[in-house]
């Protein structure tokens with residue numbers, strides 16, 4: 001059994017002739033590592049903007065990795081800035097949550113898109129994670145979905161093997177596909193919806209969105225339910 005877990009540009013998927021239907025957000029994610037005036041305290045920080053989220057993800061060396069979702073023209077402008085001007089723009093965009101930006105690595109961008117394959121499996125082959133589906137990074141769910149795929153596939157294979165069935169057979173692999181495909185599509189649709197929701201500039205819709213999020217934050221049962229689902233449900 002070959003498991004394709006080699007990312008959004010999967011060579012395994014390509015050689016297997018499995019097509020990924022992809023739709024562009026017409027945005028780029030700008031990524032780099034930065035040093036900040038204040039400690040990140042091993043905590044991820046995220047700000048939602050009309051173009052998408054700006055995330056600071058803590059690194060072991062005290063720096064932070066940033067992922068900044070920007071419209072294509074804005075990303076080009078940020079890449080064109082010198083380091084000093086970029087650090088100032090980044091600190092302002094983050095509302096100085098970690099103070100000034102004191103150092104920055106080379107900046108790079110990659111296109112943002114969402115996509116899905118019709119078939120996760122073929123005889124002797126299974127795709128998991130970004131090789132099978134990609135979503136907007138605004139909620140950081142891509143890794144969770146990939147881990148849930150891996151757990152589901154392992155459970156299906158182990159159950160079949162313990163029952164004395166052909167664990168590598170197509171009918172066994174299709175059980176994994178049935179378990180994961182609908183949930184992954186739901187998350188893909190949800191993230192696209194969140195992208196539209198947080199991109200709203202209409203004051204009324206913005207106020208309704210903020211009120212809804214505040215309400216969820218004040219209801220621990222609903223908040224915990226959503227958190228468990230985002231972390232993979234019962235996995």
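Where a number appears in this text, it was derived from the coordinates with a stated rule and is not lab data. Predicted model, so just to flag it, every value in this text is computed and none were measured. Methodologically, a virtual Cβ is constructed for each residue, glycine included, from the backbone with ideal geometry; neighbour enumeration extends over all protein chains shown.
Once a ≥ b ≥ c are taken as the square roots of the eigenvalues of the Cα gyration tensor of region 69-143, is the result rounded (a/c under 1.5), prolate (a/b larger than b/c) or oblate (a/b not larger than b/c)?
prolate
Between residue 15 and residue 39, what is the spin-label point distance in nm, taking each point 7 Å from the Cα along the Cα→C-beta axis?
Roughly 4.7 nm, to one decimal.
Quickly work out the residue 71-to-residue 113 label distance, labels modelled 7 Å from Cα along the C-beta direction, and quote it in nm with one decimal.
Taking the simple label geometry, residue 113 and residue 71 are separated by 2.1 nm.
As a footprinting exposure proxy, order 25, 96 by other Cβ within 10 Å, with the fewest listed first.
So the ranking, lowest neighbour count to highest, is 96, 25.
By count of other Cβ within 10 Å, fewest leading, how are 152, 190, 24 ordered?
Going from least to most buried by this count: 24, 190, 152.
I need 185, 180, 107 ordered by Cβ neighbour count within 10 Å, fewest first.
Fewest-to-most ranking of 185, 180, 107: 185, 107, 180.
What full-extension length gain, to one decimal in nm, is calculated for residue 1 and residue 106 as 0.36 nm per residue of separation minus the Cα-Cα distance?
33.9 nm
Say a paramagnetic label sat at a point 7 Å from the Cα of residue 82, along Cα to Cβ; which residues of region 23-57 have their backbone N under 14 Å from it?
Nothing falls inside the zone, counting backbone N under 14 Å.
Once every Cα of region 24-111 carries one equal point scatterer and solvent is ignored, give the base-10 log of I(q)/I(0) from the Debye formula at q = 0.14, 0.16, 0.24 Å⁻¹, two decimals.
Values returned for q = 0.14, 0.16, 0.24 Å⁻¹ are -0.42, -0.56, -1.28.
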